[in-house]
Each structure stands twice: as C-alpha cells, then as structure tokens.
Amino acid sequence: MTGRPFQQVGSRPLAAHHRYAMRADDVVWPDGTEQSYGVLEQPDAAVIVSLTEQSTIFLVRQWRHSWNEAAWELPAGTREEGEDPDATARRELVEEAGLEAARWDSLGTARATALSTMRFHLYLARELTRVERRPEAYEQDMVLRELPLAEALDLAAGGTIQHAASIAALFRAERFLAGR
C-alpha cells in the first residue's frame with residue numbers, strides 16, 4: 001500500500017508540557033472504520049558521532065528520568081525553535097562533549113517511534129578540537145567517555161547502548177566510513 005491509507009477527520013489536544021504536546025487524531029480507514037491515534041509532538045533532535053583521527057568516538061552517560069536509569073548515548077539534543085539542525089548539532093557537541101568539528105557529514109535522519117513527530121538528524125563530526133564544555137543545568141553530572149568506534153558498535157549491538165538514535169547513528173557512521 002502506498003500513500004495515505006486513511007483520512008484524518010479531527011484532532012484534539014490532550015496535554016502539553018514545555019516543548020512537548022500530546023494529541024489524539026481521529027482517522028477513518030478506507031473501509032469506514034474509525035480509530036483514534038495518540039501522537040506525541042516533539043521537536044526534532046541532532047545526534048552526533050564525533051570521530052577522532054584515532055578512530056575513537058565520544059559517548060555521554062546521563063540520567064534518563066522516563067527510563068529510571070542512566071544511559072550511554074552519543075552527544076545529542078533537541079532543536080531550539082527556529083534552529084537549523086546543523087546548528088543544533090554544533091551546539092550540542094560543545095555543550096555535552098566539549099568538542100568542535102571542522103568537518104561535518106550528514107548521516108540522514110531516523111525516527112524513534114511511529115507515535116512521535118520527532119525526527120533525529122544524524123551527523124558524523126570529524127577534525128575535532130577540544131573546547132570548554134558548556135553543559136545545561138541538568139547535564140552537570142554527565143560523564144564523558146572516549147572509546148574506539150568498534151567498541152561502541154559492540155556496545156550498541158550487545159544492548160548496553162539502548163538509545164535508538166545513537167544506535168542508528170553509530171551503524172550509519174560505520175557504513176559511511178566504509179564507503180557503503
């Protein structure tokens with residue numbers, strides 16, 4: 001099936017908090033069946049694989065309240081209103097990892113779930129320079145770890161890295177660097 005298989009006939013807000021909102025969309029399928037879909041409206045985000053000349057990358061470990069645990073993931077963050085995804089990536093790399101990059105390559109986009117509007121903009125950052133980290137208030141206890149790209153891929157494949165966008169970015173970076 002191609003195209004839109006249903007017609008949206010209504011939408012109503014359910015809740016809102018900060019830059020996030022939840023809505024219910026009413027849809028009618030081609031057979032006349034009506035259904036309500038919950039949609040989480042979220043800003044887009046940037047996720048960065050920061051690769052050194054020694055083929056190491058940087059991960060950050062931070063507390064994820066909704067998961068009730070700390071998680072290893074790539075430097076990443078949500079776009080500010082009106083901000084270009086490239087600018088988001090550059091800002092987040094400085095904030096979380098204390099790095100600037102002279103060379104940037106897009107690794108495309110990814111989605112985490114069909115219930116959310118969020119699109120992850122994936123990047124490979126190279127020719128890195130260390131600068132002072134500028135973490136946000138809730139990122140003060142963030143841990144930064146440098147490790148070989150191959151080891152990060154193993155952590156992703158083995159389930160230690162569970163952040164879906166980080167996993168997608170790592171595997172796309174590997175393919176990009178291999179010329180595939």
**Complete:** Out of (1) in a helix (DSSP H, G or I); (2) touching a residue at least 60 places away in the same chain (Cβ under 8 Å); (3) over 29 Å from His18 (Cα atoms); (4) not charged (D, E, K, R), the one Ser166 does not meet is (3)
**Asked** Gly159 fails exactly one of the following numbered conditions: (1) over 30 Å from Tyr37 (Cβ atoms); (2) loosely packed, with under 12 Cβ neighbours inside 10 Å. What is the number of that condition?
**Response** (1)
**Item:** strands (runs of 3 or more DSSP E) contained entirely in the stretch 14-98, each with at least 1 residues that are closer than 25 Å to Ala114 by Cβ and in contact with a His (Cβ under 9 Å, 6 or more places away or on another chain)
**Value:** 45-50, 56-64, 69-73, 76-78
**Message:** Anything in the stretch 1-47 that is under 30 Å from Glu96 (Cβ atoms), surrounded by fewer than 14 Cβ atoms within 10 Å (Cβ to Cβ) and of a type in the set (A, V, I, L, M)? List them, or say none.
**Reply:** Ala15, Ala16
**Message:** Against the conditions (1) closer than 12 Å to Leu74 by Cβ; (2) free of Cβ contacts under 8 Å to residues at least 40 places away in the same chain, where does Tyr123 fall short? Just the number, please.
**Reply:** (2)
**Prompt:** If you check Arg133, Arg126, Arg103, which single one turns out to be assigned by TED's automatic domain parsing to the domain that holds Thr52, more than 16 Å from the chain's Cα centre (by Cα) and part of a loop (DSSP other than H, G, I, E, B)?
**Reply:** Arg133
**Fill in**
Exactly one of Thr33, Thr78 is touching a strand residue (DSSP E or B) at 6+ places or on another chain (Cβ under 8 Å) and among the hydroxyl-bearing types (Ser, Thr, Tyr), and that residue is Thr78
**Ala89 being surrounded by 12 or more Cβ atoms within 10 Å (Cβ to Cβ), in contact (Cβ under 8 Å) with a residue 60 or more places away in the chain and of a type in the set (A, V, I, L, M, F, W, C)** = no
**Message:** Among the residues in the stretch 26-35, are any of a type outside the set (Asp, Glu) and within 21 Å of Leu122 (Cβ to Cβ)?
**Reply:** no
**Request:** May I ask you to list pairs of residues, at least six apart or on different chains, whose Cβ atoms are under 7 Å apart, with the first in the stretch 142-159 being farther than 15 Å from Ala71 by Cβ and the second being polar (S, T, N, Q)?
**Result:** Glu146/Thr56; Leu147/Thr56; Pro148/Ser55; Pro148/Thr56; Leu149/Ser55; Leu149/Thr56
**Complete:** Within the stretch 94-108, the count of residues that are touching a residue at least 40 places away in the same chain (Cβ under 8 Å) and under 19 Å from Glu174 (Cα atoms) comes to 4
**Asked** Looking at Asp25, Asp84, which one is out of contact with any Leu (no Cβ under 7 Å at 6 or more places or on another chain) and touching a residue at least 12 places away in the same chain (Cβ under 8 Å)?
**Response** Asp25
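The values are calculated or read from the model by the stated rules, or taken from the named source; none is laboratory data. In this text, all values refer to a predicted model and were calculated from it rather than measured experimentally. Every residue, glycine among them, receives a Cβ derived from its backbone with ideal geometry; neighbour counts consider all protein chains shown.
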